[in-house]
Amino acid sequence: MLEFLAEYGLFLLKALTIVIAIIVVISFAAAAGRKAHTEGLEVEDLNKKYRRIADALRKAVSTKDEAKKTAKERKAEEKQRAKEPSGRPRSFVIDFKGDLKASAVESLREEVTAILEVADKDDEVVVRLENHGGVVHEHGLAASQLARIRDRDIPLIICVDKVAASGGYLMACVASKVYAAPFAILGSIGVLAQIPNFNRMLDSHGVDFEEVTAGKYKRTVTMFGKNTDEDRAKLKEELEDVHTLFKEAVAKYRQDLDLQKVATGEYWYGTRALELGLADELLTSDELLGAKAADRDLYKVTWKIKQPLQKRLMSGVDSAIEKVDETGWRRKFESRLPR
């Protein structure tokens, strides 16, 4: 009898585990579906947003009569603004949060296209950039989208509050002016390839790996085959070529940089980056936009892309990889702190 009860309990536990797993999967899919949004352009009036925030605090610390008077004045101001344009120059604000594949470039290209359709000589574009770097050609495309703004002689401002390294700095260097927070990470002008090799493990288990190519250098360093010194030399040559292209791109937009000194693959924090010429001024994006709001109209421009369910579900994998990458930067930071 006890044996039967034990087996029955184990069966119920397995069944309950399966049911819970199914519920979790369904809930995750439903949540992902709810987060879906309609594709298209969204424009937010940042001046209005700042006024709304200030008014909320002002109301909390003012008397009832003062709050009523302020609300009346604000309503009159908004009504006047709705009737006629302010005539002030405009700053179009774009947020770019990078990942290994610079996937936000899909939105960036649409945002840049929209801005170029309406911007004139008195306007400017401000990009709040956060990017650790990643795949070369993807970040190269992102940098090319920003170059479209420079090519139209529209001032391009890049704000780095946290990090613009490697491919991220490839984007940042395109700017007319680069602002960085005091402890933002900039630089890492270098190229990296990390490839694990499982050849010895496969060989020890009696597993042969066959690879057939046409073209001497179709495949050099491989994960499963046996790598030769010639393979490694060819990969090194390719990396050096990409590094040269990287340096040429940086030199095009920041001609006063001492590339011999900064194109070593190292990165620096804001204060040091300013000294080396990687940044032009120490300032956070909040300080910059707060100051500009006094005499410019600020508009945050965002192109929303409707992602299919499968892509939204798989984005969790990319997020996990990004967290690992971010952990690496954090460890580098901690290793430089005094003990």
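Each value in this text was obtained by applying a stated rule to the coordinates, not by laboratory testing. As the structure is a computational prediction, the values presented were derived from the model and not from experiment. Note: ideal-geometry Cβ built from the backbone for every residue, glycine included; neighbour counts use all protein chains shown.
Structure above, values below:
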item: Sites Lys101 and Arg150 - FRET efficiency at Förster radius 30 Å, r taken between beta-carbons, to 0.05; result: 0.80
item: Column: log10 I(q)/I(0), Debye, Cα scatterers of region 190-258, q = 0.15 Å⁻¹; result: -0.63
item: Local net charge near Gly225, Cβ-Cβ under 11 Å (Lys/Arg +1, Asp/Glu -1); result: -3
item: Dipole in debye (nearest 20) - region 190-258, about Cα centre, beta carbon charges: Lys, Arg +1; Asp, Glu -1; result: 100 debye
item: Residue-span extension gain [Phe183 to Thr113] - 0.36 nm each, minus C-alpha spacing; result: 22.0 nm
item: Efficiency of FRET between Thr244 and Asp122 - r from beta-carbon atoms, R0 41 angstrom, step 0.05; result: 0.60
item: Ordering of 40-47, 196-203, 112-119 by packing [mean C-beta count within 10 Å, highest first]; result: 112-119, 40-47, 196-203
item: Asp203-Thr70 pseudo-label distance in nm [points 7 Å out on the Cα-to-Cβ vector]; result: 7.5 nm
item: Value of relative contact order over region 190-258, rounded to a whole percent, pairs C-alpha under 8 Å and six or more apart; result: 35 percent
item: Pair Asp286, Arg58: separation of 7 Å Cα→Cβ label points (nm); result: 2.0 nm
